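The values are calculated or read from the model by the stated rules, or taken from the named source; none is laboratory data. A quick note: this is a predicted structure, and the numbers were derived from the prediction, not measured. All Cβ positions, even for glycine, are placed from backbone atoms using ideal geometry, and neighbour counts span all protein chains on display.
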Amino acid sequence: MTTWLFTSMDSDRRERLISQISEGKLKAWLEVGGGDPYFGAWMYLVDLVLHREVGITHGDLADFCWRDEYAAGTSPRDAARDALAGDDIGWLLGL
């Protein structure tokens, strides 16, 4: 696999996160990922970035091709910032 999770994230951290997504306290993110724990983990990280930077989640933004960004190997931080830049919320915040 060539997604950001595999090319840039420490393998031990990735596997702990995937374990939490698959069967732990973050299991709700499995549904967000459409049953794919890796995409769910990536979306969890996207929401962490969004929440820390502007106090929102991906659900607060207009449609954005999250799956395409994931498949392209985009980092969660870059995807979050791209989504904000293309959304009215980003414009209102001066991003």
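Filter the range 57-77 down to residues that are part of a loop (DSSP other than H, G, I, E, B) and of a type outside the set (S, T, N, Q) and give me whichever is surrounded by the fewest Cβ atoms within 10 Å (Cβ to Cβ).
D63
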Do we have any residue at all in the range 35-56 that's assigned to a helix (DSSP H, G or I), acidic (D, E), modelled with pLDDT under 95 and closer than 14 Å to W4 by Cβ? no
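Listed here are the residues, each with its yes/no results for (1) within 14 Å of the chain's Cα centre (by Cα); (2) in contact (Cβ under 8 Å) with a residue 60 or more places away in the chain; (3) surrounded by 12 or more Cβ atoms within 10 Å (Cβ to Cβ); (4) within 16 Å of A80 (Cβ to Cβ).
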{"residue": "W4", "(1), (2), (3), (4)": "yes, yes, yes, yes"}
{"residue": "M9", "(1), (2), (3), (4)": "yes, no, yes, yes"}
{"residue": "D12", "(1), (2), (3), (4)": "no, no, no, no"}
{"residue": "I21", "(1), (2), (3), (4)": "yes, no, yes, no"}
{"residue": "L26", "(1), (2), (3), (4)": "yes, no, yes, no"}
{"residue": "V32", "(1), (2), (3), (4)": "yes, no, yes, yes"}
{"residue": "G35", "(1), (2), (3), (4)": "no, no, no, no"}
{"residue": "F39", "(1), (2), (3), (4)": "yes, no, yes, yes"}
{"residue": "M43", "(1), (2), (3), (4)": "yes, no, yes, yes"}
Any residue that is within 29 Å of D88 (Cα to Cα), part of a helix (DSSP H, G or I) and of a type in the set (A, V, I, L, M, F, W, C) - is there at least one of those in the range 9-27? no
